[in-house]
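The values are calculated or read from the model by the stated rules, or taken from the named source; none is laboratory data. Just so you know, these numbers come straight off a predicted model, no measurement behind them. Cβ atoms come from the backbone with ideal geometry, glycine included; neighbour counts cover every protein chain shown. When the accessible area is computed, the model is the full protein with side chains, heavy atoms only, and any ligands, DNA or RNA have been set aside. Shrake-Rupley method; radii C 1.70, N 1.55, O 1.52, S 1.80 Å.
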Amino acid sequence: MVNIKSTACFMQMSVNFLKFEKRHWWQSCYAWAVWIEAPLGFGLLLSCRISQAFQLYYIFVKRCLPPIRSYIFLPLILLPWIAGAALMHVKKPLNDRCHMGTQWIIPVVSLHAIYVAILVGFTGAIRHIEFRFDELRDLWQGILVSASSIGVWVAAYILNEIHDDISWLQVVSRFALLVTASILVLSFFSISSSQPLLSQISLRKREPLAFETMGQALGIPNSGLLLPREPAPVIDPNEPLDKLLMNKRFRQSFMSFADSCLAGESVHFYEEVHELGKIPVDDPVRRIYMARHIIDKYITAGATMEVNISHRSRQAILTTSNLAQPNLFNDALNELIQLMKMNLANDYWSSTYFMKFKEEASMRSHELQQMTSWNSPTPRLSSVHGVDDPFHQEQEP
């Protein structure tokens, strides 16, 4: 009985709110039904998905970086929603029940449908790509939710126009509009809506595995792993640095030293490019994933670990026509190896990191020798012949 009275009280308060004279902006129909529903709600979230599909199309189909950055492209496609909301705010087409006429409802529904159609078009253009991290599934899910939301929105509008005198229907329909336009859409669009690629693969709770590097996430063989029985390398400081860096254990030691000098981004860049080289050339999707990750982390201006390379090399990477080409980072890598030779190599040979590396290499070499001696075949100390053999079946004459 108490629950029934509470529900009736809530319904009556909702109806009174609809008839209340709006003295504050948060009580206005234009604040909720125009601005929050369109440019700040459905329009914003759908524009984020279109921006994601646009970038995925250029990266994986065109195999180049998008011509427009996402922080520029997103406001551009959001402008029609802002312009439409401003026009409605000036023309005041809503009545006291927050209803609009047919001459307004048709353009509003058309705008929603056009944006869903644009998202369908971009998604259809990339449907043949074998994505690694469910980007395509998220886009199709967004399309389904968007189309369903528009259907619920149109049905609620028709019911409001036909049964304008039923108060409880007004409350229920507005609640449905609020859920479909904001809460429900937000729950489906919030995952990776602003990032075209997921650099942190363990972002979602439903994925049990967490990867430390992009190479591990892409399944690159022996990515980031040190084999326990790998033979100890013989390090000669007179050898070229690029040849020494090919060894995984030396590269890890040199990277630790560079990190201690706050100059480790060059070695990390070498590590990532080395991992990229392990991906076959006939696997362009994984190569594009790795190349885009390297560009975002090391090449783009203001990146988290931006490397010190020439403007010519940087622009050659950013304006490439094929992100999957094998020699994409060769020029930048050669420049960074020269910088490491001049700034890090000489100090490394006299550092404690190199001393520790030699000690570990010596211990590992000794352990491998012991294991080799234990596993080698040895001659038998004695043998049993003739009548001394308890399993000898031959009878003496």
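Counting only helices (runs of 4 or more DSSP H) that sit completely within the stretch 113-228, those holding 3 or more residues that are modelled with pLDDT of 70 or more and open to solvent by 40 Å² or more (accessible area, probe 1.4 Å) correspond to 135-162. Only residues that are more than 30 Å from Leu56 (Cβ to Cβ) and either open to solvent by less than 60 Å² (accessible area, probe 1.4 Å) or of a type in the set (Lys, Arg) (or both) were counted across the stretch 73-103, and they come to 11. Leu323 meets all of the listed conditions (1) out of contact with any Lys or Arg (no Cβ under 7 Å at 6 or more places or on another chain); (2) under 21 Å from Phe60 (Cα atoms) but one, namely (1).
Here Glu272 passes the criteria (1) within 26 Å of Ile235 (Cα to Cα); (2) without any contact (Cβ under 8 Å) to a residue 40 or more places away in the chain; (3) not polar (S, T, N, Q) except the one numbered (2). Scoring Pro67 on the criteria (1) open to solvent by 20 Å² or more (accessible area, probe 1.4 Å); (2) under 26 Å from Ala217 (Cα atoms); (3) part of a loop (DSSP other than H, G, I, E, B) leaves a single failure, condition (2). Met290 meets all of the listed conditions (1) touching a residue at least 24 places away in the same chain (Cβ under 8 Å); (2) open to solvent by 50 Å² or more (accessible area, probe 1.4 Å); (3) assigned to a helix (DSSP H, G or I) but one, namely (2).
Looking only at residues of the stretch 247-287 that are β-branched (Val, Ile, Thr) and part of a helix (DSSP H, G or I), we find that the one that is least open to solvent (accessible area, probe 1.4 Å) is Val267. Among the residues making up the stretch 39-64, those that are in a helix (DSSP H, G or I), open to solvent by 10 Å² or more (accessible area, probe 1.4 Å) and free of Cβ contacts under 8 Å to residues at least 60 places away in the same chain are Leu40, Leu44, Tyr58.
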